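The values are calculated or read from the model by the stated rules, or taken from the named source; none is laboratory data. Every value quoted in this text rests on a predicted model; they were computed, and no experiment measured them. Glycine gets a Cβ as well: all are built from the backbone with ideal geometry, and neighbour counts include every protein chain shown. Areas reflect the complete protein model, heavy atoms only, side chains present, ligands, DNA and RNA absent. Shrake-Rupley method; radii C 1.70, N 1.55, O 1.52, S 1.80 Å.
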Amino acid sequence: MQAEDVLAPPPRQIRHLHPVEGRVLDAWGEVGDEEFVVTLTIQGNPVSQKNSKMVTTNRATGKPLVLHDKRVQQWFGTKTKPGAVWQLKMLWQGAQPIPAHAHVRAIVTAYLGARQRPDADNLLAAPLDAMVAAGVLKDDKCIDVCLVVRRRARKENETCVEIVLVTDVMA
């Protein structure tokens, strides 16, 4: 046995999952040394949450109320028009959320329309908040490393946000 063999880390199994096909996600506590790669796509124009909050007064209680502007609310979804949260729930389909103790690396790629040019770091908050609201993540604090990529969509109707999550529960 050589020294390199002793010092080399054990090989890892990597599973590429589509959340609709793979129910392996239900067994987060028993994953071991496996990594899971999950790709989620949210259709629609990516939004930035920066400077999108408005403070108003609740008429019933008189207390201040913080609201997002209509563009951000529509992206997340309303009662009459489904948005990002609904899309993620349909993709995740009842699988258990990724637990807070998991170690997650995320790649968020925003495919923008021709006139959009937000800062890349501002495109991160909305998809992470949508994943928490949809039950994909228990808490977005489990993301250790995040890469944000800003790209132009080939056509105006192909705007979307693609999220690749690489999870490692026992790191």
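Give the accessible surface of the range 55-131 per residue, rounded to a whole number of Å², with probe radius 1.4 Å and ligands, DNA and RNA excluded.
Each residue of the range 55-131 exposes 61 Å² on average to a 1.4 Å probe.
Within 10 Å, count the other beta carbons around each residue, average over each peptide in 113-119, 55-61, and list them highest first.
Packing proxy ranking, top to bottom: 113-119, 55-61.
List the pairs from Lys70/Lys141; Lys81/Lys155; Lys89/Lys141; Lys79/Lys138 whose alpha-carbon separation is above 25 Å, in the order I gave them.
Beyond 25 Å: Lys70/Lys141.
Multiplying the sequence separation of Val37 and Glu158 by 0.36 nm and subtracting their Cα-Cα distance, what value in nm do you get?
41.2 nm
Work out how much length Ala60 to Lys81 would gain on full extension: take 0.36 nm times their residue separation and subtract the Cα-Cα distance, in nm to one decimal.
Extra length available between Ala60 and Lys81 comes to 4.9 nm.
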